[in-house]
Amino acid sequence: MTIAIYVADDCWGGLALLAREAFAIAGTLHARNPNLEATALFRVRLVALDAGPVRSFTGPALLPDATLADLAEPQVVIVPPFYLPMAARQPIAPALRAWLLQAHAAGALLVGMAGGMRILAETGLLDGREVTGNLADQRVFAQHYPDVRFSPDAPLVIDGSIISAGSVNPCLDACSYLVGHFHGDAVAHKLSRYTNPASQPSTGRVAIRNAGLKQHGDQRIRQAQEYIERCFKQDLTVESAAQRTAMSVRNFSRRFQHAVGMAPHIYIARCRAEYAKELLARPGLSMLQVALQSGFRTEAMLRRTFCQLFGVSPAAFRTGAAQSPARYLE
């Protein structure tokens, strides 16, 4: 699998390199071997329009591994943030636009990190989709890309083949998602735990764990799934999720069941229980605190749902996670 990370002048070189190193770390963690070449999960390349070095935002030069012409059809394209302080539209080179469109048409996943979504927006591929990004770019999207549903409050949005991350930690969650997409959840969870330890749980992990449930063609239901994954800690109901998609509860529930394979109320409960897993590994939290922070109204609701979904009580899970965190948090 080839991952192309696009770099150009004024890109955030640190995040471009962070993504490359995250994939390398995932391989070494999975194989329990520090040898980078022997454990590589992906062929990761920095790519640019030309072969010469590019200047990152703060000045250090990045030397691309290849040009766009060298990598015609990567399986993943990552666009890191760029320093774009003005609210004006930012045109991109015709060659870059053509390359991104060709890669997407060939089946590549496109990943935009924070301000990098403004680069992807210029292709038109974001029209009709939900994406996240820098809060400062909200005005830019409203003025210049009105067909894009821009949700800067969401840390990570996975809308089919377009993945967007709003800040540094969600960028790492996006890397974990890609690892899981191509190499399985167990490998992804090792990276996720390493980059975002259990003491600081991320709702992005819920999206990663549910990635396999989004491999269907109903875009409106995928949007509902994304909405649930962002809001499950709130007083979320099936009715409010249905309203989000402008469907009746009956039609929404029917389409959700058909696309996802489970009823929407079970999906909401699953998101809450998966998040509770992360909290249960944190020292000092009472069972009631875990329940409330996960979106359950009572400790009894947490216990009942947890047992139904995982076949073990929260207390037993906490004990097992303390003794063997790698086994219980995968």
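The values are calculated or read from the model by the stated rules, or taken from the named source; none is laboratory data. None of the values given here were measured: they were computed from a predicted structure. Virtual Cβ from ideal backbone geometry, glycine too; neighbours counted across all protein chains shown. Each accessible area value is taken on the protein alone, full model and side chains, heavy atoms only, with ligands, DNA and RNA left out. Shrake-Rupley method; radii C 1.70, N 1.55, O 1.52, S 1.80 Å.
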_Of all residues making up the stretch 263-280, the number that are closer than 13 Å to E239 by Cα, open to solvent by 20 Å² or more (accessible area, probe 1.4 Å) and under 21 Å from the mean Cα position of the chain (by Cα)_ = 0
*asked:* Tell me yes or no: at least one residue of the stretch 56-72 is under 23 Å from L109 (Cβ atoms), touching a Gly at 6+ places or on another chain (Cβ under 9 Å) and in a loop (DSSP other than H, G, I, E, B).
replied: yes
_Scan of the stretch 142-166 for residues that are touching a Lys or Arg at 6+ places or on another chain (Cβ under 6 Å) and open to solvent by 10 Å² or more (accessible area, probe 1.4 Å), ordered by number_ = H144
*asked:* Criterion first (within 23 Å of G160 (Cβ to Cβ) and either touching a Ser or Thr at 6+ places or on another chain (Cβ under 8 Å) or open to solvent by 10 Å² or more (accessible area, probe 1.4 Å) (or both)) does E229 satisfy it?
replied: yes
*Say we look at the stretch 64-91 and pick out the residues that are modelled with pLDDT of 95 or more and open to solvent by 30 Å² or more (accessible area, probe 1.4 Å); which of these is nearest to M117 (Cα to Cα)?*
Q75
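Would you check if there is a residue in the stretch 158-181 being within 12 Å of the chain's Cα centre (by Cα), assigned to a loop (DSSP other than H, G, I, E, B) and among the polar types (S, T, N, Q)?
Within the stretch 158-181, one or more residues are within 12 Å of the chain's Cα centre (by Cα), assigned to a loop (DSSP other than H, G, I, E, B) and among the polar types (S, T, N, Q).
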*With the stretch 225-330 as the region, which helices (runs of 4 or more DSSP H) entirely inside it contain at least 1 residues that are within 21 Å of V157 (Cα to Cα), hydroxyl-bearing (S, T, Y) and without any contact (Cβ under 8 Å) to a residue 40 or more places away in the chain?*
238-244
